[in-house]
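Notes follow once the structure below has been shown.
The values are calculated or read from the model by the stated rules, or taken from the named source; none is laboratory data. Because the structure is a prediction, the values reported are computed rather than measured. We place every Cβ from the backbone using ideal geometry, glycine too, and count neighbours over all the protein chains shown. All accessible areas refer to the heavy atoms of the entire protein, side chains included, with ligands and DNA or RNA removed. Shrake-Rupley method; radii C 1.70, N 1.55, O 1.52, S 1.80 Å.
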Amino acid sequence: LENYGGIIIVDNIEQGVDLSNEIAPEHLELALDKPFDVLNRVKHAGSIFLGHYSPEPLGDYMAGPNHILPTNGSARFFSALSVDDFIKKSCIISFSKEALSTLQMDVAIFARSEGLEAHARSVEVRFDKND
């Protein structure tokens, strides 16, 4: 604690959970009699340990969850390493002419607002001016 820690005292568990969501800890121990009662309020934590008999080292050495966790508050936008991190994914988009026609002007406006004239024209060229 002297070199790398701190103690923050809160008035109640709700305030503690709110603070924890701000900090987004790598490890969060909910050492409570009824931890499931507050679990749904936890939004940002790498690993969550529930109850008095689920200490953090259990997760490190025996329980089996991943030990590659988001640090330094990055649990606000990253999850623990998982099999998903090793799967390549692609986005697939398929519009009909009718579907694109309803969005063509909006796409062109967005493209031009970013200074991407060729993007705008790549949509517009697909439609005759009489369409």
With n ≥ 4 as the cut-off for DSSP H runs, can you work out [θ] at 222 nm for the chain, using -39500 (n - 2.57) per run divided by the number of residues, rounded to the nearest 500? -10000 deg cm²/dmol
Per the rule of 0.36 nm per residue minus the C-alpha distance, extending Leu58 to Glu124 adds in nm 17.9 nm
Count the lysine pairs in the chain that are 8 or more places apart or on different chains: how many have C-alpha atoms under 28 angstrom apart? 5
Using a 1.4 Å probe on the protein chains only, how many percent of the accessible area of the chain belongs to carbon and sulfur? 56
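Computed FRET efficiency, Cβ-Cβ of Phe95 and Glu117, R0 30 Å: what is it to the nearest 0.05? Spell out each step's value before the answer.
Numbers: r = 21 Å, r/R0 = 0.71.
In this case the efficiency is close to 0.90.
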